[in-house]
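The values are calculated or read from the model by the stated rules, or taken from the named source; none is laboratory data. Computed from a prediction, not measured in an experiment: that's the story for all the values here. Using ideal geometry, Cβ is built from the backbone for each residue, glycine included, and neighbour counts are taken over all protein chains shown. Each accessible area value is taken on the protein alone, full model and side chains, heavy atoms only, with ligands, DNA and RNA left out. Shrake-Rupley method; radii C 1.70, N 1.55, O 1.52, S 1.80 Å.
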Amino acid sequence: LEKFRKREIQLDLSKMKTFINFLAYFDDNEFLDEIVNTTVEFYKQRSQEKLSNSYIEYLLFCVRILEFEATNLTMIVPSMTLTNTITKLNEILFFDRAKELLEMQDGFKYLLLNKELVHLRSTFTIFSRSEPTLNLLIGIFKQFITEKFTELIAKYQLNDPKNVNTPPKEIAVNTNFLKDYSDFQAMILNLITNPFMNNNLFNVAFKEVLESMQGNQANINTGYLLPFYFDKFLRRSYNLCTTAQGAIDAINQTISIFPYVSDKDVFISIHKTLLSSRILNEDFVSMDAEKYLLTKLKVQCGVEYTKNIETMIGDYFLNKDINQNYLTFRGSNLISTKIEPTLTVLTAEHWPVLNVHKVKLPDELVALTNQMFKFYHMNYSGRTLQWALTNSMVEIETNKFDKKYTLICNTFQAAILVFFNEIGFSKSVAKGDIISLLKFEDEDDFNVSITPLISIGLLLQAGNGYALNDKFSNANKRARVVNTMKSARYVKQEKIED
């Protein structure tokens, strides 16, 4: 057999099988054990000679050995002897020296870096047969993922201390980080699917590394970034997509990231807040695209995660019917006002927390809200309305400036403007008096409402007093007063766990 392995002689394998079975019959399998031992010893010496070469050369050499022995021993020894031989060969060729082999210069990490799929498959097939060597593969795989993700973070300087607190919105909207992240994830998943035969331990390892590296760092955590990325394609004012199909195509390009988002609770919380903004401001490309994303999230998260989102979208369509009914009701219950209202009813349990603080409304709005209240409770029993005034939008037409403007603001801001309109131009009123006269429930509501009015030039501030600016002008006839209500405080991981 030794000369046969060295290719020094040719054997008639059928005669050899008869001969081996004949001898084995008399010595109670000792002869078969000797075949196993001499085979192992022969290749132990041969493999040692190859060990100083590259891992790839050693791998190819040993794979040929195993194929040669499996083919020929099958024809001359019983199956148990064949199994024992191949098992011991795997041990001496691979398992006993696994760490040394896998960490060679062109070892496992080199194969990963260069996407040597054929050699990776061979390496996985061999080393996955033993738990200790499989764990070695997974350990090196984790190192590889960590290095590649670190490179990606460094590319966008997100590991720079000065960028650690960069808002997720800025990164998601103004950089290609998530697109490159999607390519990085696709590359890793391709390795798991192809050479590693979709072994779940490698999937788990990938998730563990991502969770460990992202942690609560919002600037690199996809749970924080992804909802803002979707938002820029779903929001009409970004002007990146103009049709439902365009927004759907953009979603499809990155939705593959979502299954590997570790902080899905964070994602859902931010997505709800952004969806709320898009719906309430009617700043969405298409409700069909919103529903498409909902179906994708429902598949990945389940109904419990997405029921709030589903209700929010349902409220949007329900409000169309409510407003049609209100229009009919209003036609037979006219009140003395030129205001053209739209009623938006939100199911409070399912929407992000809304500010229901009160303020003294102008008389025209008081009459209107009373009428809306009456209509709603006549037609929809068992519910109670609360006005979320900072989320309501008001359009005010002016006629006292250099030209006519339409000012778009929230209800708190409208109340402030109407107050100054009634007391006259240029009359300064102290902050405390305004808060008292307009009955602001929360001083913060006043502060964040009045700041944009000053920024746009509608109000002038002198010390602790404010006055309407009779010289106001704007390049746009429709001037939007930016709503700087308290920043949404997205749910942190620790809070979710609590």
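At-a-glance table
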| quantity | calculated |
| --- | --- |
| Average accessible surface area per residue within segment 418-473, 1.4 Å rolling probe, Å² | 50 Å² |
| Gain on full stretching of the segment that runs from residue 67 to residue 147 - 0.36 nm per residue minus C-alpha separation | 25.2 nm |
| Equivalent ellipsoid semi-axes, segment 361-492, via Cα gyration tensor eigenvalues times 5, rooted, Å | 27, 18, 16 |
| Geometric extent, Cα atoms of segment 1-101 - Rg, Dmax (angstrom) | 14.3, 45 |
| Residue 184 - accessible surface, heavy atoms, 1.4 Å probe, Å² rounded to 10 | 20 Å² |
| Radius ratio Rg over Rh of segment 280-427, counting only Cα atoms, Kirkwood formula for Rh | 1.03 |
| Cα gyration tensor shape of segment 138-195, rounded if a/c is under 1.5, else prolate or oblate by comparing a/b with b/c | oblate |
| For segment 114-215, convex hull of alpha carbons as volume per residue, Å³ | 101 Å³ |
| Listed peptides 3-15, 354-366 by packing density, highest first (mean Cβ within 10 Å) | 354-366, 3-15 |
| By average C-beta atoms within 10 angstrom, highest first, the peptides 134-146, 398-410 | 134-146, 398-410 |
| Residue-averaged [θ]222 nm for the chain, counting only DSSP H segments that reach four residues, each worth -39500 (n - 2.57) | -19000 deg cm²/dmol |
| Solvent-accessible ranking of 238, 58, largest area first, probe 1.4 Å | 238, 58 |
| For segment 389-429, alpha-carbon Rg relative to the globular expectation (2.2 N^0.38 Å, N residues) | 1.21 |
| Dipole magnitude (debye, nearest 20) for segment 1-138, charges at Cβ of Lys, Arg, Asp, Glu | 500 debye |
| Cα pair distances of segment 60-129 binned at 5 Å [whole percent] | 3, 15, 24, 23, 16, 9, 6, 3, 0 |
| Dipole magnitude of the chain, debye to nearest 20 (Cβ charges: Lys/Arg +1, Asp/Glu -1, about Cα centre) | 1660 debye |
| Antiparallel %, DSSP beta bridges [both residues in the chain], to 5 | 80 percent |
| In sequence order, calculated HN-Hα J values of segment 223-230 (Karplus, 6.51, -1.76, 1.60; Hz; x Gly/Pro) | x, 8, 7, 4, x, 6, 5, 4 |
| Overall dimensions of segment 251-306 by Cα: Rg and Dmax, Å | 11.4, 31 |
| Cα convex hull volume per residue for segment 50-194 (Å³) | 128 Å³ |
| Spatial separation of Cα centroids for segment 327-348 and segment 164-201, in angstrom | 48 Å |
| Whole-percent carbon and sulfur share, accessible surface of segment 381-431, 1.4 Å | 43 percent |
| Segment 215-293: translational diffusion in µm²/s, Stokes-Einstein, Kirkwood Rh over Cα pairs, 10 °C, 1.306 mPa s | 125 µm²/s |
| Answer label for Rg and Dmax of the Cα atoms in Å (calculated), chosen among (i) 24.7, 74; (ii) 35.9, 120; (iii) 21.5, 64 | (ii) |
| Accessible area expressed per residue, segment 54-181, with surrounding protein chains retained (probe 1.4 Å, Å²) | 49 Å² |
| Whole-Hz couplings from phi, Karplus 6.51/-1.76/1.60, listed for segment 396-409; x for Gly and Pro | 10, 9, 9, 9, 10, 9, 5, 8, 7, 10, 10, 9, 10, 8 |
| Within the accessible area of segment 65-131 (1.4 Å probe), percent carbon and sulfur | 53 percent |
| D_trans [Stokes-Einstein, Kirkwood Rh over alpha-carbon pairs] for segment 276-366, 20 °C, 1.002 mPa s, µm² s⁻¹ | 138 µm²/s |
| Carbon plus sulfur fraction of accessible area for segment 278-323, probe 1.4 Å, in percent | 50 percent |
| Per residue, in Å², the accessible surface of segment 244-389 once ligands and nucleic acids are set aside, probe 1.4 Å | 51 Å² |
| Principal axis dimensions, largest first and in whole angstrom, of segment 138-290 by Cα | 50, 38, 25 |
| Positive-end residue, the chain charge dipole about Cα centroid, Cβ charges, pick of 275, 123, 297 | 275 |
| Rounded to whole Hz, the Karplus (6.51, -1.76, 1.60) HN-Hα couplings of segment 43-51, x for glycine and proline | 7, 4, 5, 4, 5, 4, 5, 8, 5 |
| Rounded, prolate or oblate (a/c below 1.5 giving rounded, otherwise prolate when a/b exceeds b/c) for segment 184-260 by Cα gyration tensor | oblate |
